[in-house]
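Quick note: the coordinates plus some simple rules give every number you see, no bench work behind them. Because the structure is predicted, anything quoted here is derived from the model rather than measured. All Cβ positions, even for glycine, are placed from backbone atoms using ideal geometry, and neighbour counts span all protein chains on display.
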Amino acid sequence: MGRVVGIDLGTTYSLVAYMDAQSGAPKTIPGPYGSSLLPSVVSVDAKGKIIVGEDARDRLLTEPELTIYSVKRLMGRGVADIQDELRIFPFRIDVKSDSVIRVNLGEKSFTPPEISAFILRELKSWAEAYFKEPVDRAVITVPAYFNDAQRQATKDAGRLAGLEVLRLVNEPTAAALAYGLHKQKRGHVAVYDFGGGTFDISILKLISTTEGDIYQVLATNGDTHLGGDDIDNALMDLARREIQAKFGVELDPRGEDVQTLRKSLIRAKHELSSAQKTLIEYPLGAKGMYIREITRAEFENLIRPIVARTMTPAKLALADAKLTPAQIDEAVLVGGSTRIPLVQKTVGEFFERTPHRELDPDEVVALGAAVQADILESGVKTMLLLDVTPLSLGIETMGGVIAKIIPRNSTIPASAQEMFTTGVDNQTAIDVHILQGERELAKDCRSLARFQLKTPPAPAGLARIEVKFLIDANGILQVAAKDLRTDEQHVVEVQPSYGLNDTEIERMLEESIDFAEQDFAERQVIEARTEADSILAATDKALKNAGSSVVTAEERVAIEKSEAELRTAMKGSDYKAMREKIDALNAATEHLAEVLMNGALSTALKGKSLDEF
Amino acid sequence: MPLSQPQTKRAEGVPVTSCWNCKGAVSGTHFCGACGKIQPLPAGMDYFAFFGLPRKLTIEPAALEGQFHMLSWKLHPDNFVRAGEFERNLSLQRSSELNDAYRTLREPLSRVEYLLEFLNLRKEGTTKQQAPPELLEEVFELNEWLDELREARTLGGEVVLLRGRLDAAAGNFQAKLTEVDAELAALGAQWDAALDSGADEAKRTALLTRMSEVLNRRSYIRNLVDGVQQEIAAA
């Protein structure tokens, strides 16, 4: 078995971390550019090759049509759900999308879990390069307020990336775990997690027992579509209105110009976390230059409604935990958007204390995931997370009304049993519709799945089928049914409303093997080129220094021919051909290498004998 | 047509006499005393028994919470990630039962409701709720005011006065709710005492029946208060 890691699959950035055995502390793993933040951006080049991260983000400016960001917003959602997002985000949705969204990327289209799998696979390769060992299992974090479909989509993404998902952990809970290691804390802790695309608030109780520490989530709430993206969009609205008014230029929200503007707006947003004012600059070609000074006060006025939106979930979570703000002992800030001074101030005022920000808000979730991964992997439990389900689970009853069977904020795993029977004579199937949400009517809640219970024809009301609904430790629903009259276990084939079924996953897994092969081939090409480079350099040097006494003219011609052939092979992407030419060159230089080796030896011996004199 | 009947909370599982692993007789509640393996849930084990408690209605919250944490530490799926599928499922079953049991027993109201449901003495929602006779007059008056308020709202009449009257009435019923809760607590104490003194079946059933009646009254008043508050908010 390979190594196990913790992964924060974020809207804007994703990270991978592991538990360092020597220091006993979790650490993030850097990528090839030295940073441990992988931009959650995926692009495709002209040849259909997938590009992830920094390089893909650069392509947002040059090839926006072939690049996708913030795909987390689409996880576990249907086409009808995302109409609002489509007005703001340049997602290119495949017209053939049905219950599962498909996004066009070049000539192909992918589901959000497949796109997320590209990001996960990149992180996996970072970790494998770091450990020089395969990585095959992971703990992946999700927003606490993610529903069943969004969680399932994340789990599917892990599977498609070749990772066994040991556990999905809620992001704020993971952060609390990382903070708990950092500094022992007791009592009630509020974790305010304001990220790139999602907002979560979790209220935890930290308990010391004789066995170890327990992190018990009392309540959680949030908004899976509220984050730094919304702040960027508010700035974007402002800039576009002003550009329209001043220059008469209407910017296409899905064009590449907007991406350039977006980049400079994000830079301005970052600067305003430390500076009192900054400049937004955006060239408009012949029309001139949009230059705009923005002060922190103006920025704060602009984003105040967005920050205020985080307070409703915060109040609801506190109410569900049956606590007042004054009863919170510690508040912890997580997520990049908590770098904004207005956010810190708002949270501080609400909880009546200065919130903690000692740990890097971008890294803390991944660090916590690594801690949980280590606990599950090692089997040595030093602490225990008791998390909750964020939304009530219900089933549709007559008249489209929901009967709640597992209330929100129930500690998971949680279960409920319901008895079903027939309503008319000789009815052979009972429809069951499962939903998640807090509203009274089915139409206002999130449809999770439907299934049918089969029963032999009989008078109405005679059938007795017991259905057990169980939410596992990942927050994912399992359903089992039993016919109480025959004591037979029913096979329940659940058709997810917004997810992939097993057949689709299998097919994608097969496709992903192609990608894995492509990845493998690429790595081989890179390695072969590197090796060829060093052999060619060494041969050139040897030929240059070797006199005719060492290498014959014939030999020289043969070597130079092999070199030329290798250089030609290197221009292609066939690593096998490169390997052949490397071997051929090695064979051609065998004699030369031997002579040089002897020469070096005799020089060394001569040197020694000289010393002795 | 889906027909969801009221839940009769029965702990699931199969009767256990010997350990699935070492075949020895199982003495512990959750684990085999001999080999330490987690055991399937026995049929008919109620939430009280799960916590090793008698079916008493007075439960010390801190003690219950401590027990919940202790059992969580032992039964949680985290402990069984590396175990086989069979044990993983047992952990899932046991830990979900633990969480369901704790959620139910920690609140006095859901605790007494559970006890009655478990003993098949209460089926909420099966009979249409009737106004308790002693409240009939007040309920009648309240409904009249509510009608007037709805009428005033649609016709654009005076709502402030009506709202004030309804507010006062809602407060009045809220106070009745507190009384009912006190009555329920007293009955609960009598039940506990009856268990302690080994009172006969008839006496215990009588107590349970009274508790069921009080619960019906409580849920009637609760719905009434909620309804009035909704109307006031809408006006």
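Key figures for this structure:
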| quantity | calculated |
| --- | --- |
| Cα-based helix-to-principal-axis angle, B:85-105 vs chain B, degrees rounded to 10 | 40 degrees |
| Inter-centroid distance (Cα atoms) of the range A:568-601 relative to the range A:137-184, Å | 48 Å |
| Between helix A:364-378 and chain A: long-axis angle, C-alpha atoms, 0 to 90°, nearest 10 | 90 degrees |
| Modelled FRET efficiency - R0 35 Å, B:ALA202 with B:ALA131, Cβ distances, 0.05 increments | 0.75 |
| Pair A:ASP94, A:ALA458: separation of 7 Å Cα→Cβ label points (nm) | 4.4 nm |
| FRET efficiency estimate (nearest 0.05) - Cβ-Cβ, A:ASP237 to A:LEU86, R0 25 angstrom | 0.95 |
| Rough spin-label spacing in nm, given labels placed 7 Å along Cα→Cβ, for A:HIS591 and A:SER573 | 3.9 nm |
| Partners for A:LYS269 among lysines (Cα-Cα distance below 26 Å; same-chain residues under 8 apart left out) | A:LYS72, A:LYS246, A:LYS277, A:LYS287, A:LYS345 |
| Compactness of chain B - radius of gyration and Dmax, Cα, Å | 23.5, 78 |
| Part-to-part distance (alpha-carbon centres) for the range B:175-233 and the range A:414-451, which is given in Å | 31 Å |
| Under 18 Å from the B:SER27 label point (7 Å along Cα→beta-carbon), backbone N, the range B:44-86 | B:52 |
| Sequence ranges A:298-311, A:6-19, A:134-147, ranked by mean other-Cβ count within 10 angstrom, highest first | A:6-19, A:134-147, A:298-311 |
| From the C-alpha gyration tensor of the range A:290-379, square roots of 5λ in Å | 29, 21, 11 |
| Total charge dipole magnitude, the range A:397-548, about the Cα centre, Cβ charges on Lys, Arg, Asp, Glu only, Debye to nearest 20 | 620 debye |
| In degrees, nearest ten, helix A:228-247 long axis to first principal axis of chain A (Cα) | 80 degrees |
| For A:368-378, mean number of other protein chain Cβ atoms within 10 Å | 1 |
| Linear extension gain, A:THR260 paired with A:ARG529, 0.36 nm per residue minus alpha-carbon span | 93.4 nm |
| Pairwise centroid distance, computed over Cα atoms, of the range A:319-393 with the range A:271-299, Å | 33 Å |
| Cut-off under 5 Å, modelled amide H: who pairs with A:GLY2 long-range | A:ASP136 |
| Mean projected area in nm² (Cα convex hull; one quarter of hull surface) for the range A:13-143 | 9.3 nm² |
| Two-decimal ratio, the range A:145-244, of alpha-carbon radius of gyration to 2.2 N^0.38 Å | 1.41 |
| For B:67-73, mean number of other protein chain Cβ atoms within 10 Å | 5 |
| Positive-end extreme of charge dipole, the range B:33-96 - chosen from B:PHE68, B:GLY33, B:ASN79 (charges on Cβ) | B:GLY33 |
| Alpha carbon convex hull of the range A:386-495, volume per residue in cubic angstrom | 91 Å³ |
| Cross-link table A:LYS404/B:LYS74; A:LYS404/A:LYS468; A:LYS47/A:LYS581, entries beyond 18 Å C-alpha to C-alpha | A:LYS404/B:LYS74; A:LYS47/A:LYS581 |
| Stokes-Einstein translational diffusion, the range B:175-235 - Kirkwood Rh over all Cα pairs, 1.567 mPa s, 4 °C, in µm²/s | 99 µm²/s |
| Cα Rg over Rh - the range B:16-88, Kirkwood | 1.00 |
| Pair B:ALA182, A:ARG450: separation of 7 Å Cα→Cβ label points (nm) | 5.3 nm |
| Helix-only CD estimate at 222 nm, as mean residue ellipticity for the protein assembly as shown, using -39500 (n - 2.57) per DSSP H run (n ≥ 4) | -15500 deg cm²/dmol |
| For A:LYS132, A:LYS72, B:LYS176, B:LYS37, order by how many other beta-carbon atoms lie within 10 Å, fewest first | A:LYS132, B:LYS37, B:LYS176, A:LYS72 |
| Links that overshoot a 18 Å alpha carbon limit, given the list A:LYS27/A:LYS205; B:LYS56/B:LYS203; A:LYS322/B:LYS176; A:LYS155/A:LYS443 | A:LYS27/A:LYS205; A:LYS322/B:LYS176; A:LYS155/A:LYS443 |
| Peptide A:165-172, shielding by other chains (average Cβ, 10 Å cutoff) | 1 |
| Cα-based Rg and Dmax for the protein assembly as shown, where Dmax is the largest Cα-Cα distance (Å) | 33.4, 127 |
